[in-house]
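What follows is a set of notes on a single structure, which appears directly below.
Bear in mind these aren't lab numbers, they're just calculated from the coordinates by the rules spelled out. Small disclaimer: the values here were computed from a predicted structure and weren't measured. Note that each Cβ is placed from the backbone with ideal geometry, even for glycine, and that neighbours are counted across all protein chains shown.
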């Protein structure tokens with residue numbers, strides 16, 4: 001695959017649906033994904049995968065069982081494997097995700113949000 | 001380790017030297033590192049590791065054998081393993097790096113830029 005510079009924010013133009021991650025890059029068995037989020041996602045956990053959220057624009061809340069994380073643009077957090085979490089966004093948020101290519105967006109649950117195929121923006 | 005939101009740009013306050021990556025987070029055997037770059041780094045390659053550069057601020061050039069990549073803030077690129085590259089920055093650049101925790105900053109070379117121990121900002 002060609003070595004190509006990606007403008008992260010511009011890549012969101014190709015993301016049309018909420019909660020539907022698109023694949024921006026792959027490296028070392030890991031995916032760089034981008035997603036537009038709005039509303040409330042189901043509680044879930046990833047049994048085997050740590051997941052990084054990096055907010056590109058907007059304000060993301062991630063509920064954990066014991067607290068709620070607040071992330072603004074330019075902020076990031078790693079949700080360790082096995083940690084129940086629920087992303088929420090009152091207004092549209094653009095996030096970059098870094099996680100193993102095996103990661104299912106809804107983790108240990110399957111529901112109407114589950115996306116087994118990612119749009120490929122590489 | 002506690003689940004903690006990191007402000008990426010503010011974390012650079014704790015990075016005092018150029019070309020000296022600091023560890024911001026670890027996940028799935030991978031590091032999220034940040035580095036201040038200025039000047040020209042030696043040519044090198046990582047034989048086993050793909051490396052992601054994401055520019056947080058400034059303008060980064062990465063020489064490849066066949067072309068030079070130009071990255072502005074909000075842009076990223078993956079340098080595949082085995083690819084000779086040379087980062088360069090006329091003015092100070094802040095970059096975020098994703099790469100396996102095993103990655104040595106100077107890859108297959110060892111010189112005065114080599115950093116075997118990373119400052120730990122976690």
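Numbers below:
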{"quantity": "Segment residue A:67-residue A:109, length gained on full extension (0.36 nm per residue, minus Cα span)", "calculated": "13.0 nm"}
{"quantity": "Cα Rg over Rh - region A:76-122, Kirkwood", "calculated": "0.93"}
{"quantity": "For q = 0.08, 0.10 Å⁻¹, Debye-computed log10 I/I(0) when each Cα of the protein assembly as shown counts as one equal scatterer", "calculated": "-0.29, -0.45"}
{"quantity": "Residues A:6, A:115 arranged by fewest to most Cβ contacts within 10 Å", "calculated": "A:115, A:6"}
{"quantity": "Shielding by other protein chains, B:23-36, mean Cβ within 10 Å", "calculated": "4"}
{"quantity": "Global form of region A:8-108, assessed from the alpha-carbon gyration tensor, a/c cut-off 1.5", "calculated": "oblate"}
{"quantity": "Centre separation in Å (Cα based) which lies between region A:32-55 and region B:100-122", "calculated": "29 Å"}
{"quantity": "Shielding score for A:66-75, defined as the mean number of other chain Cβ atoms within 10 Å", "calculated": "3"}
{"quantity": "Packing-based order for B:98-107, B:15-24, using average beta carbon neighbours within 10 Å, highest first", "calculated": "B:98-107, B:15-24"}
{"quantity": "Over the protein assembly as shown: helical MRE at 222 nm, DSSP H runs n ≥ 4 each giving -39500 (n - 2.57), nearest 500", "calculated": "-500 deg cm²/dmol"}
{"quantity": "Efficiency of FRET between residue B:47 and residue A:122 - r from beta-carbon atoms, R0 25 angstrom, step 0.05", "calculated": "0.65"}
